[in-house]
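Engineer: My questions will all concern the structure given below.
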4 protein chains.
Amino acid sequence: MTAEDKTMKHKVGFLGLGIMGTPMSANLLKAGYPVMVYNRTPEKAEPLVKLGAGLASSPRALARAADVVIAMVTGPEALQNLLWGPDGAGGAFNHHKVFINMSSVPPRSTRDLARELEPTGVTFIDAPVSGTKQPAADGTLIILAAGPQDKIQELEPLLLAMGKKVVLCGPVGQGSMMKMFINLLVGLMMAGFAEALNFGKLGGLSMEAMLDTVFSGPLNCGMFQVKAANLLNNTYPAAFPLKHMTKDAKFIVDTAFELGAPVPVGQMILHLCRLGVAQGWGDEDISAIAKVLEHLSPKS
Amino acid sequence: MTAEDKTMKHKVGFLGLGIMGTPMSANLLKAGYPVMVYNRTPEKAEPLVKLGAGLASSPRALARAADVVIAMVTGPEALQNLLWGPDGAGGAFNHHKVFINMSSVPPRSTRDLARELEPTGVTFIDAPVSGTKQPAADGTLIILAAGPQDKIQELEPLLLAMGKKVVLCGPVGQGSMMKMFINLLVGLMMAGFAEALNFGKLGGLSMEAMLDTVFSGPLNCGMFQVKAANLLNNTYPAAFPLKHMTKDAKFIVDTAFELGAPVPVGQMILHLCRLGVAQGWGDEDISAIAKVLEHLSPKS
Amino acid sequence: MTAEDKTMKHKVGFLGLGIMGTPMSANLLKAGYPVMVYNRTPEKAEPLVKLGAGLASSPRALARAADVVIAMVTGPEALQNLLWGPDGAGGAFNHHKVFINMSSVPPRSTRDLARELEPTGVTFIDAPVSGTKQPAADGTLIILAAGPQDKIQELEPLLLAMGKKVVLCGPVGQGSMMKMFINLLVGLMMAGFAEALNFGKLGGLSMEAMLDTVFSGPLNCGMFQVKAANLLNNTYPAAFPLKHMTKDAKFIVDTAFELGAPVPVGQMILHLCRLGVAQGWGDEDISAIAKVLEHLSPKS
Amino acid sequence: MTAEDKTMKHKVGFLGLGIMGTPMSANLLKAGYPVMVYNRTPEKAEPLVKLGAGLASSPRALARAADVVIAMVTGPEALQNLLWGPDGAGGAFNHHKVFINMSSVPPRSTRDLARELEPTGVTFIDAPVSGTKQPAADGTLIILAAGPQDKIQELEPLLLAMGKKVVLCGPVGQGSMMKMFINLLVGLMMAGFAEALNFGKLGGLSMEAMLDTVFSGPLNCGMFQVKAANLLNNTYPAAFPLKHMTKDAKFIVDTAFELGAPVPVGQMILHLCRLGVAQGWGDEDISAIAKVLEHLSPKS
């Protein structure tokens, strides 16, 4: 990055202002980037407008005004709509612009998207994130970036306004693949934690002693520490909603099917997540999988 | 503990000199305890004898000489044999002595054992450990102690010669239950880690980038750090042998059955562990579960 | 069977008068065998006494009076108690007598039992049955007989008073193994039937059209025909109680573990059965597994 | 059907001449229907041309010449191609014609297809079949017909030239749903049969005694009878290839996901099928799932 780059910050357009997009665009603003935002329900843009963001009237208007367009939405359908729907951003892409998809989508969708974007000339970076609500707010996300390496490195300062680390994953599609990998592990560990604690409780152990044991040894990890409070209090405010984990788990299992990869534990996790959604807990946090285990336990 | 206790260290008898028992009794020796050892195959005692341990001719001889008898063997059958077999330790127990079982056995076995021990008058402490070969060597095990709380506290210095922390788990049986809880989580996380990495590899990701992603975020934990080298090198020297994990997983699933506790993920882990044993990998490390996932993957 | 056999019928002692034992001993009486019965709760013997059975005061009294002692109880514990408990039948066994265990127990229990029986000199036949309440009443059970082949053939007329066919399974233990085999298939098919019908219902199909499709094709079988009424009416009167299927599924999974046999579907069935028991449906029919699938379905 | 209809048989166009399509169109010819056929690889049409079929140069040419167009291909992609690809049949559809899709596709694909077909005016019948190679040859398939009931009844004679029974399933989409239902049950029973037999074999039972037990009792069904020979001989000539079962199992699990339907056993079956495909057995019969169980068993 030259000195000029440092003064002439990229004009950023941010599509999608949900649990993740709102704090991420706020962090871009705080880092001094000019940011224009768009969301299907425009009220969600208000806090960002107060922080200095511009409000675009359509995805295309946003894409026209920005050098770097970022999307952070809930899946392939929402993404397709923003890019290729009425007044979609895709119509304003050209070879001077960069498009960074940070949404979780299956690798196949990303590769399909790359083919669709190719005729526009836009530089496409596939860069989903590892981390949920709090790391998004703290700017400590891990950015799983795939695509042209020189362009990713050029944009690293911008990416690091939202995260603490950029992992280079390979060609376009591999960012999405890395996201599937890490979310598979998230789901496995969250469900495993919930299942083990439910087992221990039914066996008469106290939550406190179990957590003490986990936290004192080699299984201790940040996620368990963060989620333990939910499990102790039996309240599950959404940092990563169960319905999103369920959607991601389905992407993972579908991707595994295409690859021929065995995911026997992963598909059990999908089953458990789906049970939670079926019970009406989809908007609660992923840690509400503890309620699924309770639902499967003897009625006391 | 009186001042006298502090100077007059307990005479310890240690039954079972496997992967765990050998370093644990060595640490007791290093801490200054007089230790007498016994093992079914006496050659295993040699290194400890060199460190100053006495060698007992039978479990009963050991129990006669010791104040505190510790057992660290591979399961309920081995334990029964040492206690109640020919020249078994049980025959020398009385109300002046303490028996600490540190072996992994199901809670039901521990409660049965407590009933069998009651007529001898011995104080029974149920204290399995969390941690494998290296923490046993380093004296950083977590001791999951259950039984009379005053006695556990009195013996804490002795326990802390082998570990870094004592977690009080409740009445006798709850140490074993806590061990089941933590080993369920160990199995779930190890299998999950292996499954996710195998999935990622089949999807074209590099091991290095995947590990970097895991280690940078909230899923990072000591166990993954320790086991990553095995997975990278595809060699699995046993710190915690797969056959022992399989045995523990069976205890867990059996205990869950008695409790009515749902362990859908746990029983899948048992299935995967058992596949590994069936392939002849039972003596390799638990991380060899990675080989099970490969065995289930497309032939390349 | 010679003319002499026809006139000199074996004196039969029948231990255990539950869902199965009552109609089985009634069929022995109808076939002209002198039958003495014993049950822990003696009121259950009344209908049989009316049919001409003698009532024994204890298992031992029964075993003294009978040539052929049959047991049909709920598992290894009940069996142990009748044989070796106070006034147990085992105390009256000798080399003039035959003991036929028709209860479902794991092969290992049967082999252990054979060792325990050996000193008494009794001829031991391991002969569980395939079939539930109605076939027991109709005398159309399949007898899965293992042990000395000449003795089984000699007793075939007696066995065929209770069933329609005797399958020779091999040495003692293999009758129990065959029972595990066939009950694994029962569990798999019942759970599969319930899962598929629940899936179809959620997809908008009518039960009638689904059953019509099944019954017209190569999946049509007697069990589906018999159980369909329960599923249509959503009432589950016990022919084979879910709690007994759960117990058998546990024996199967335990036996598979000992054998190293993969039973990934079987252990899922055990999980589903157990969920039903946890919900309080253990005394309903095995077909109540349909309620488990509903419990896991979206709340309507 | 009027007398005129009986003499003036519908002109049939048949798309797709695989394992199923070839005998089905042969049966239409035998029943006296004029049949024109099309297949991507035209050599497969030769036997039918010998039987009197016309050979169409393209799907569109076929659709122009026929009153009733039938498709029997391997999935949604193949179907899309035949209808909407270059010279696709869809371009020749109009309100005088009937299109019957007999291929296995997910209900969602069928409903999407109905929307795509609507503008053409064609009458669309969704009519997959239950049954494989032999019933297709024997004309004993079960036709799972959905769509306008009067039209299905009018075409019943034509459908019954290929099958022995027509089940009315409801509006368009429900034929596909019924197919998913019945194939879920096929997969569950086939995998269950294979798993139970493998378990029994490892436990020392003979295949003959196990099959005798199954065939004598209420689990006996046509499919087990047909598949037993494959399992006995350990050869798996494809009547219903494992890769097709795997594809259908994926459709089923995807459909279940959309419905929120729990299919814990079904997803295990998908896992097992996929393991078989990964081992290179996709072109063998579905009963080759027995080889998957062996692959998971202890090495002998």
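The values are calculated or read from the model by the stated rules, or taken from the named source; none is laboratory data. This one's a predicted model, so the numbers in the text were calculated from it and none came from an experiment. In this analysis, Cβ positions are derived from the backbone assuming ideal geometry, glycine residues included, and neighbour counts consider all displayed protein chains. Please note that ligands, DNA and RNA were not included when accessible areas were found on the heavy atoms of the full protein model with its side chains. Shrake-Rupley method; radii C 1.70, N 1.55, O 1.52, S 1.80 Å.
Engineer: Which one, A:252, A:215, A:268, is farthest towards the positive end of the dipole of the range A:178-296 when Lys and Arg carry +1 and Asp and Glu -1 on their Cβ?
Structural biologist: A:252
Engineer: Going toward the positive end of the dipole of the range A:3-171, with +1 on Lys and Arg Cβ and -1 on Asp and Glu Cβ, which of A:136, A:75, A:124 do you reach last?
Structural biologist: Looking along the dipole axis, the top candidate is A:136.
Engineer: Related question: Ignoring ligands, DNA and RNA, please state the percent of accessible area on the range B:7-106 from carbon and sulfur, probe 1.4 Å.
Structural biologist: Ligands and nucleic acids excluded, carbon and sulfur give 56 percent.
Engineer: Once you charge only the Cβ atoms, +1 for Lys and Arg and -1 for Asp and Glu, what is the size of the charge dipole of the range C:3-171 about its Cα centre, to the nearest 20 debye?
Structural biologist: Result for the range C:3-171 is approximately 260 debye, rounded to the nearest 20.
Engineer: Roughly how big is the range B:178-296's charge dipole about its Cα centre, with Cβ charges of +1 (Lys, Arg) and -1 (Asp, Glu), in debye to the nearest 20?
Structural biologist: I would put it at about 140 debye.
Engineer: Oh, and also: Taking the Cα centre of the range C:161-247 as origin, sum charge times position over the Cβ atoms of Lys and Arg (+1) and Asp and Glu (-1), and report the length of that vector in debye to the nearest 20.
Structural biologist: Using only the charged Cβ atoms, the result is roughly 400 debye.
Engineer: Where does helix C:222-233 land angle-wise versus the long Cα axis of chain C, in degrees 0 to 90, nearest 10?
Structural biologist: Its long axis makes an angle of about 60 degrees.
Engineer: What number comes out for the charge environment of residue A:35, summing +1 per Lys or Arg and -1 per Asp or Glu over other residues with Cβ under 11 Å away?
Structural biologist: Counting the neighbours of residue A:35, the net charge comes to +3.
Engineer: Given a 1.4 Å probe, how much area per residue of the range C:178-296 is accessible, in Å²?
Structural biologist: 24
Engineer: At residue C:51 and residue A:153, where each label point lies 7 Å from the Cα along Cα→Cβ, what is the point-to-point distance in nanometres?
Structural biologist: It works out to 8.8 nm between the two label points.
Engineer: On average, how many beta carbons from a partner chain sit within 10 Å of the beta carbon of a residue in C:170-181?
Structural biologist: 4
Engineer: What share of Cα pairs, in percent, lie more than 17 angstrom apart in the range B:225-270?
Structural biologist: Beyond 17 Å sits 47 percent of the P(r) for the range B:225-270.
Engineer: Which whole-Hz couplings ³J(HN,Hα) result when phi for each residue of the range C:74-82 is put into the Karplus expression 6.51 cos²θ - 1.76 cosθ + 1.60, θ = phi - 60°, listed in order with x for Gly and Pro?
Structural biologist: Along the range C:74-82, the couplings run 8, x, x, 5, 4, 5, 3, 5, 5 Hz.
Engineer: Taking H placed 1.01 Å from N in the peptide plane, check which residues at least 5 places from residue C:54 or on another chain put their amide H under 5 Å from its amide H.
Structural biologist: Hits under the 5 Å cutoff: C:35, C:36, C:37.
Engineer: Take the Cα of residue D:114, step 7 Å along the line toward its Cβ, and report every residue of the range D:173-200 whose backbone nitrogen sits under 15 Å from that point.
Structural biologist: In the range D:173-200, the label zone of residue D:114 (backbone N under 15 Å from the point 7 Å along Cα→Cβ) covers D:173-179.
Engineer: Would you kindly work out, in nm and rounded to one decimal, the distances from the label point of residue B:85 to those of the same position in each other copy, ordered shortest first, with label points 7 Å along Cα-to-Cβ?
Structural biologist: 3.3, 7.0, 7.1
Engineer: Then there's this: Would you work out what percent of the accessible area of the range D:178-296, with all protein chains in place, is carbon or sulfur (probe 1.4 Å)?
Structural biologist: Within the range D:178-296, the accessible surface is 56 percent carbon and sulfur.
Engineer: Please determine, in degrees from 0 to 90 and to the nearest 10, the orientation of helix C:207-216 with respect to the longest principal axis defined by the Cα atoms of chain C, where the helix direction is its Cα long axis.
Structural biologist: The answer is roughly 60 degrees.
Engineer: Hey, another quick one. If you draw the axis that swings chain A onto chain D, which residue of A has its Cβ closest to it, and how far is that in whole Å?
Structural biologist: Measuring from each Cβ to the axis, the minimum is at A:267, 2.
Engineer: Need one word for the protein assembly as shown: rounded, prolate or oblate. Basis is the Cα gyration tensor (sqrt eigenvalues a ≥ b ≥ c); a/c below 1.5 gives rounded, then a/b vs b/c decides.
Structural biologist: Verdict is oblate for the protein assembly as shown.
Engineer: May I pose another question? Where a ≥ b ≥ c are the square roots of the eigenvalues of the C-alpha gyration tensor, would you call the range A:3-171 rounded, which needs a/c under 1.5, or, failing that, prolate if a/b is larger than b/c, or oblate?
Structural biologist: rounded
Engineer: To continue, here is another question. Return the average number of partner chain Cβ atoms within 10 angstrom of each residue Cβ along peptide D:123-130.
Structural biologist: 1
Engineer: Starting from the Cα gyration tensor of the range C:1-95, take the square roots of the eigenvalues, sort them a ≥ b ≥ c, and report rounded, prolate or oblate (rounded when a/c is under 1.5, otherwise prolate if a/b is larger than b/c, else oblate).
Structural biologist: Note, shape of the range C:1-95 comes out oblate.
Engineer: Within 10 Å, count the other beta carbons around each residue, average over each peptide in C:199-205, B:54-60, C:148-154, D:127-133, and list them highest first.
Structural biologist: Final packing ranking: D:127-133, C:199-205, B:54-60, C:148-154.
Engineer: Per residue, what volume in Å³ does the convex hull of the Cα atoms of chain D enclose?
Structural biologist: In chain D, the Cα hull volume divided by residue count equals 142 Å³.
Engineer: Further question on the same structure: Between copies, how far does the label point of residue A:42 sit from its twins, in nm, shortest first, when each point is 7 Å from Cα along Cα→Cβ?
Structural biologist: Inter-copy label distances (nm, one decimal, shortest first): 6.1, 8.9, 9.1.
Engineer: What does the highest-first list of A:189-196, B:253-260, D:13-20 look like by mean Cβ count within 10 Å?
Structural biologist: Sorting A:189-196, B:253-260, D:13-20 by mean packing, highest first, produces A:189-196, D:13-20, B:253-260.
Engineer: List every residue whose amide H lies under 5 Å from the amide H of residue A:122, counting only residues 5 or more places away in sequence or on a different chain, with H placed 1.01 Å from N in the peptide plane.
Structural biologist: A:94
Engineer: For the pairing of chain A with chain B, what total accessible surface becomes buried, with a 1.4 angstrom probe, in square angstrom to the nearest 100?
Structural biologist: Buried surface at the A/B interface: approximately 5000 Å².
Engineer: Let me ask something else. Starting at the first residue of the range A:136-142, write each ³J(HN,Hα) from the Karplus equation 6.51 cos²θ - 1.76 cosθ + 1.60 with θ = phi - 60°, in whole Hz, x for Gly and Pro.
Structural biologist: Residue by residue, the range A:136-142 yields 5, 5, 7, x, 10, 5, 9 Hz.
Engineer: I'd like the mean, over residues of D:217-229, of how many other protein chain beta carbons sit within 10 Å of each residue's own Cβ.
Structural biologist: Average neighbour count from other chains, rounded to a whole number: 6.
Engineer: Could I ask something else about it? Might you tell me the accessible area per residue for the range B:3-171, computed with a 1.4 Å probe and given in Å²?
Structural biologist: Accessible surface, normalised per residue, equals 43 Å².
Engineer: What does the charge count around residue A:69 come to, taking other residues whose C-beta lies under 11 Å from its C-beta (Lys +1, Arg +1, Asp -1, Glu -1)?
Structural biologist: Every neighbour counted, the sum reads +3.
Engineer: On C-alpha positions alone, give me the angle between the axis of helix C:21-30 and the longest principal axis of chain C, in degrees, nearest 10.
Structural biologist: With both axes taken from Cα atoms, the answer is about 50 degrees.
Engineer: Taking the full set of protein chains and a 1.4 angstrom probe, give the accessible area of residue D:96 in square angstrom, rounded to the nearest 10.
Structural biologist: 140
Engineer: Please report, for residue C:232, the nm distances (one decimal) from its label point, 7 Å out from Cα along the beta-carbon direction, to the equivalent points in the remaining copies, shortest first.
Structural biologist: 3.5, 5.6, 6.5
Engineer: How do A:115-123, C:104-112, A:66-74, B:224-232 rank on mean C-beta neighbours within 10 Å, highest first?
Structural biologist: Most protected by this proxy first, the peptides run A:66-74, C:104-112, B:224-232, A:115-123.
Engineer: Next question, about the same structure. Past 25 Å, Cα to Cα: identify those pairs from D:151/D:247; C:44/C:133; B:250/D:227; A:179/A:201; A:165/A:250, in the order given.
Structural biologist: Among D:151/D:247; C:44/C:133; B:250/D:227; A:179/A:201; A:165/A:250, the Cα-Cα distance tops 25 Å for D:151/D:247; B:250/D:227; A:179/A:201; A:165/A:250.
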